[in-house]
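Chemist: First the structure, then my questions, so here it is.
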């Protein structure tokens, strides 16, 4: 018996069981109807009808909308199943950590990375489950963001496994591909829920008048300390918990020591503030703690750098000078740099998957793949970002505002592209929005800018999304504006757009004629502002230069 026939028989059997159970909540036709609107309807119905969670796992929420209530419970079941199978996949990967996948593919370059990504997936799935059970009214955008991030991490693991043809690699790839289908289906449900739920009265804790005043404007995940930071503008009047100085005048001489100290001393809520005095700090950092705040003495004065690269034998994700996975990351007046050079290919200065990350008045400098804006909600204000090929890439929901996006010289015969967005599913709430920025040749490229073809972006993944609006574009940009990735890949499914730009390279008269390219009106462009695209009004601190709308 083939697999499809087997599953069809199972669905009929389970469907009959559902109809025979007295007082059960859902019927099979509800499942099939809702699943028909997902990308993988058969996988969806198989998962839901075989789990029995639909009648066993009712959520502690209610809704005036019966359809929303039903979808929320189906979503809960799908996310639960995805979490269970993610944990199982993590165990499978861990068992194979010491077995090479193929020629040149080692534990450190592939399986360790996938293991890390699966743990990150499990964390976000767990957060989604908690949000569904406690306050879905306030958490719809969070759930959409976290599930979008899970899909991004799964895709990154598959990307790292693709070159190998070993049995272990194929097994893991298939498991992750299955998880991606589950997550995509869950995200489709999350996107269709109206968010009209209310939390039961007994779930709402008693608060003081002052706390209620602060709480009214912010989601529940924002601590009281951070709410005061957001309201009072104290981002500019902070008191550091640790001072790092190479000359011995601080609490320690390296940033790594500073991170260890602040992690030990600051166990409560609120920002963990590390002040870093001027100097060039040659080291790699991984920041996994939540709410870390790094403050330097100037983006060209306090610089963190090193030179790992793919050309030098390091896997792409591990080339990063600084990796940030902890949520609520904030950096101000600091430079992040990878000095590998153009001929060493991919060399990341900053890889960041922090949710609610803010980089203010920072420098991020490299050549190919400078900034890996990996996942979740991010805001960049007043930053100078330098690079050559795909120098802003990843799949975060990121807004760049008031930044200088500057081209470097690419490697021999290379092209320049600002953005390579990795949106792989049409349901993901991700993309890059560039607003009020300056885009053009940096000092290194300027003398030869017309000898190198430079573009605003190209589609890394099938549903790549990038918007440039209210920005100044110089004539280093080709008149077509955007570059294909390979042949006709993604030209019908991408979403590239421009709105109200100025400068010698801003004319859209000769822009690409792809189905996925758009010249936006005001109404459509407003969807990609700080307020609407990343909900920044609730989490970007006062004192950071930000424009909420157009």
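Chemist: If residue 540 satisfies all but one of (1) without any contact (Cβ under 8 Å) to a residue 40 or more places away in the chain; (2) buried (at least 18 other Cβ atoms within 10 Å of the Cβ), what's the number of the condition it fails?
Modeler: It fails just one condition, (1).
To keep it simple, each residue is scored yes or no on (1) modelled with pLDDT of 95 or more; (2) in a loop (DSSP other than H, G, I, E, B); (3) not assigned by the TED database to the domain that holds residue 361.
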residue: 219; (1), (2), (3): no, yes, yes
residue: 264; (1), (2), (3): no, no, yes
residue: 303; (1), (2), (3): yes, no, no
residue: 313; (1), (2), (3): no, yes, no
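Chemist: Which of the following residues is assigned by the TED database to the domain that holds residue 438, surrounded by fewer than 24 Cβ atoms within 10 Å (Cβ to Cβ) and either in contact with a helix residue (DSSP H, G or I) (Cβ under 8 Å, 6 or more places away or on another chain) or over 24 Å from residue 477 (Cα atoms) (or both): 345, 376, 367, 412? Before you say what the answer is, go through the steps one by one.
Modeler: Numbers: 345 fails: either in contact with a helix residue (DSSP H, G or I) (Cβ under 8 Å, 6 or more places away or on another chain) or over 24 Å from residue 477 (Cα atoms) (or both); 376 fails: surrounded by fewer than 24 Cβ atoms within 10 Å (Cβ to Cβ); 367 fails: surrounded by fewer than 24 Cβ atoms within 10 Å (Cβ to Cβ).
From the options 345, 376, 367, 412, the qualifying one is 412.
Chemist: Can you pull out every residue in the range 359-372 that is in contact (Cβ under 8 Å) with a residue 60 or more places away in the chain and on the phi > 0 side of the Ramachandran plot?
Modeler: In the first step, residues of the range 359-372 are kept if they are in contact (Cβ under 8 Å) with a residue 60 or more places away in the chain; the result is 360-363.
Passing the criteria: only 361.
Chemist: Let me ask another. Within the range 451-461, is there a residue that is within 20 Å of residue 506 (Cα to Cα), out of contact with any strand residue (DSSP E or B) (no Cβ under 9 Å at 6 or more places or on another chain) and in the same structural domain as residue 385 (by the TED database)?
Modeler: Yes, the conditions are met somewhere in the range 451-461.
Chemist: For residue 512, state whether it is touching a strand residue (DSSP E or B) at 6+ places or on another chain (Cβ under 7 Å) and at pLDDT below 95.
Modeler: Working: touching a strand residue (DSSP E or B) at 6+ places or on another chain (Cβ under 7 Å): yes; at pLDDT below 95: no.
Criteria not met by residue 512.
Chemist: Still on this model: Looking at (1) at positive phi; (2) in a strand (DSSP E or B), which is the only condition residue 328 fails?
Modeler: Failed condition: (2).
Let's see how each residue does on (1) buried (at least 18 other Cβ atoms within 10 Å of the Cβ); (2) in contact with a helix residue (DSSP H, G or I) (Cβ under 7 Å, 6 or more places away or on another chain); (3) under 25 Å from residue 145 (Cα atoms):
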| residue | (1), (2), (3) |
| --- | --- |
| 486 | no, no, no |
| 501 | yes, no, no |
| 509 | no, no, no |
| 523 | no, no, yes |
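Chemist: I need a count of the residues in the range 397-411 that are within 17 Å of the chain's Cα centre (by Cα) and within 18 Å of residue 362 (Cα to Cα). Give the derivation first.
Modeler: Narrowing the range 397-411 to residues within 17 Å of the chain's Cα centre (by Cα): 397-400.
When the remaining residues are screened for being within 18 Å of residue 362 (Cα to Cα), the result is 398-400.
Number of matching residues: 3.
Chemist: Residues in the range 503-514: is at least one under 22 Å from the mean Cα position of the chain (by Cα) and either under 19 Å from residue 417 (Cα atoms) or not assigned by the TED database to the domain that holds residue 404 (or both)? Spell out the reasoning first.
Modeler: Of all residues in the range 503-514, those under 22 Å from the mean Cα position of the chain (by Cα) come to none.
Within the range 503-514, none of the residues are under 22 Å from the mean Cα position of the chain (by Cα) and either under 19 Å from residue 417 (Cα atoms) or not assigned by the TED database to the domain that holds residue 404 (or both).
Chemist: Something else: Under 21 Å from residue 387 (Cβ atoms), at pLDDT below 95 and surrounded by fewer than 20 Cβ atoms within 10 Å (Cβ to Cβ), is that true of residue 298?
Modeler: On the way: under 21 Å from residue 387 (Cβ atoms): yes; at pLDDT below 95: no; surrounded by fewer than 20 Cβ atoms within 10 Å (Cβ to Cβ): yes.
When the stated conditions are applied, residue 298 does not pass them.
Chemist: Residue check: is residue 123 in a helix (DSSP H, G or I) and in contact with a helix residue (DSSP H, G or I) (Cβ under 8 Å, 6 or more places away or on another chain)? Please lay out each step first, then the result.
Modeler: Details: in a helix (DSSP H, G or I): yes; in contact with a helix residue (DSSP H, G or I) (Cβ under 8 Å, 6 or more places away or on another chain): no.
In short, no.
Chemist: Here's a follow-up. With the condition kept exactly as written, say whether any residue in the range 62-72 is buried (at least 16 other Cβ atoms within 10 Å of the Cβ), under 19 Å from residue 151 (Cα atoms) and either at pLDDT 85 or above or touching a strand residue (DSSP E or B) at 6+ places or on another chain (Cβ under 6 Å) (or both). It would help to see each step written out before you state the result.
Modeler: Residues of the range 62-72 buried (at least 16 other Cβ atoms within 10 Å of the Cβ): 63, 68-72.
Among the residues that remain, those that are also under 19 Å from residue 151 (Cα atoms) are: none.
Scanning the range 62-72, I find no residue that is buried (at least 16 other Cβ atoms within 10 Å of the Cβ), under 19 Å from residue 151 (Cα atoms) and either at pLDDT 85 or above or touching a strand residue (DSSP E or B) at 6+ places or on another chain (Cβ under 6 Å) (or both), so the answer is no.
Chemist: Looking at (1) within 23 Å of residue 413 (Cα to Cα); (2) buried (at least 24 other Cβ atoms within 10 Å of the Cβ), find the lone condition where residue 471 falls short.
Modeler: (1)
Chemist: How many residues are assigned to a helix (DSSP H, G or I) and either at pLDDT 80 or above or more than 26 Å from the chain's Cα centre (by Cα) (or both) if we restrict to the range 93-110?
Modeler: First, the residues of the range 93-110 that are assigned to a helix (DSSP H, G or I): 93-95, 107-110.
Right, trim to either at pLDDT 80 or above or more than 26 Å from the chain's Cα centre (by Cα) (or both) and you get 95.
So the count comes out to 1.
Chemist: Name the one entry in 47, 38, 90 that is on the phi < 0 side of the Ramachandran plot, under 28 Å from the mean Cα position of the chain (by Cα), at pLDDT 75 or above and assigned to a loop (DSSP other than H, G, I, E, B). Steps first, please.
Modeler: On the way: 47 fails: assigned to a loop (DSSP other than H, G, I, E, B); 90 fails: assigned to a loop (DSSP other than H, G, I, E, B).
That would be 38, the only listed residue that is on the phi < 0 side of the Ramachandran plot, under 28 Å from the mean Cα position of the chain (by Cα), at pLDDT 75 or above and assigned to a loop (DSSP other than H, G, I, E, B).
Chemist: Going by the conditions given, is residue 492 touching a residue at least 24 places away in the same chain (Cβ under 8 Å), surrounded by fewer than 18 Cβ atoms within 10 Å (Cβ to Cβ), under 18 Å from the mean Cα position of the chain (by Cα) and part of a loop (DSSP other than H, G, I, E, B)?
Modeler: For residue 492, the condition - touching a residue at least 24 places away in the same chain (Cβ under 8 Å), surrounded by fewer than 18 Cβ atoms within 10 Å (Cβ to Cβ), under 18 Å from the mean Cα position of the chain (by Cα) and part of a loop (DSSP other than H, G, I, E, B) - is not met.
Chemist: Spot the failing condition for residue 486; the list is (1) within 30 Å of residue 447 (Cα to Cα); (2) touching a strand residue (DSSP E or B) at 6+ places or on another chain (Cβ under 6 Å), and only one is missed.
Modeler: For residue 486, the exception is condition (2).
Chemist: Follow-up question, since we're still on this one. If you go through the range 275-285 one residue at a time, do you hit one that is modelled with pLDDT under 95, in a loop (DSSP other than H, G, I, E, B) and more than 18 Å from residue 352 (Cα to Cα)?
Modeler: no
Chemist: A further question follows. For the range 310-333, indicate whether the set of residues that are surrounded by fewer than 24 Cβ atoms within 10 Å (Cβ to Cβ), touching a strand residue (DSSP E or B) at 6+ places or on another chain (Cβ under 9 Å) and under 17 Å from residue 442 (Cβ atoms) is non-empty.
Modeler: Taking every residue of the range 310-333 in turn, none turns out to be surrounded by fewer than 24 Cβ atoms within 10 Å (Cβ to Cβ), touching a strand residue (DSSP E or B) at 6+ places or on another chain (Cβ under 9 Å) and under 17 Å from residue 442 (Cβ atoms).
The values are calculated or read from the model by the stated rules, or taken from the named source; none is laboratory data. Since the model is a prediction, treat every value here as computed from it, not as a measurement. We place every Cβ from the backbone using ideal geometry, glycine too, and count neighbours over all the protein chains shown.
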